[in-house]
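Everything on this sheet refers to the single structure shown next.
The values are calculated or read from the model by the stated rules, or taken from the named source; none is laboratory data. Quantities reported herein were computed from a predicted structural model and do not represent experimental measurements. For neighbour counting, all protein chains shown are included, and Cβ atoms are generated from backbone atoms with ideal geometry for every residue, glycine included.
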């Protein structure tokens, strides 16, 4: 075995070892943010009768302390989480570890450790209300 092949093999193993903990940390951070955002969206829907048109509305939701814009960031890109609302429904999504917004991916039905992305997908993470049947 030559030196180049050995070095490539070592680098690939290090990327795997380092990549998994980093992705897991980003997923935990994403889950934490989503729980806070969805709770705030639910309060705003109770108060106003519909979900807000803009995600930024959750930063000053009544009943919660004021949040910073950091709450709305996608931990995989540092850009804002994607959000669409039709008043009675919403879609909140993250690009996931592959950092490509392609409107497909894991349809999250929970934010618990048990159900949250059990396969460790690199694709988008999508939360919708109401959930798809």
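Is there a residue being at pLDDT 75 or above, closer than 22 Å to residue 126 by Cβ and either over 23 Å from the mean Cα position of the chain (by Cα) or in a helix (DSSP H, G or I) (or both) anywhere in the range 47-54? Explain how you work it out, then say what you get.
Pass one, the range 47-54, residues at pLDDT 75 or above: 47-54.
Adding the requirement that they be closer than 22 Å to residue 126 by Cβ leaves 50-54.
After this cut, where a residue has to be either over 23 Å from the mean Cα position of the chain (by Cα) or in a helix (DSSP H, G or I) (or both) as well, the list is none.
Looking through the range 47-54, none of the residues is at pLDDT 75 or above, closer than 22 Å to residue 126 by Cβ and either over 23 Å from the mean Cα position of the chain (by Cα) or in a helix (DSSP H, G or I) (or both).
Does the range 68-85 hold any residues that are touching a residue at least 24 places away in the same chain (Cβ under 8 Å) and either within 20 Å of residue 25 (Cα to Cα) or part of a loop (DSSP other than H, G, I, E, B) (or both), and which are they?
Within the range 68-85, 71, 72, 73, 74, 75, 76, 80, 81 meet the criteria.
Can we say residue 80 is under 14 Å from the mean Cα position of the chain (by Cα) and exposed (fewer than 12 other Cβ atoms within 10 Å of the Cβ)?
Working: under 14 Å from the mean Cα position of the chain (by Cα): yes; exposed (fewer than 12 other Cβ atoms within 10 Å of the Cβ): no.
Spelling it out, it is not the case that residue 80 is under 14 Å from the mean Cα position of the chain (by Cα) and exposed (fewer than 12 other Cβ atoms within 10 Å of the Cβ).
As an exercise: evaluate residue 63 against (1) surrounded by fewer than 17 Cβ atoms within 10 Å (Cβ to Cβ); (2) part of a loop (DSSP other than H, G, I, E, B); (3) in contact (Cβ under 8 Å) with a residue 40 or more places away in the chain and give the number of the one condition it does not meet.
For residue 63, the failing item is (3).
Which condition number in (1) outside any helix (DSSP H, G or I); (2) in contact with a helix residue (DSSP H, G or I) (Cβ under 7 Å, 6 or more places away or on another chain) is the one that residue 41 fails?
Among (1) outside any helix (DSSP H, G or I); (2) in contact with a helix residue (DSSP H, G or I) (Cβ under 7 Å, 6 or more places away or on another chain), residue 41 violates only (1).
Taking residue 97 and the conditions (1) within 25 Å of residue 20 (Cβ to Cβ); (2) at pLDDT 90 or above; (3) in contact with a helix residue (DSSP H, G or I) (Cβ under 6 Å, 6 or more places away or on another chain), which numbered condition does it fall short on, given that it satisfies the others?
Exception for residue 97: condition (2).
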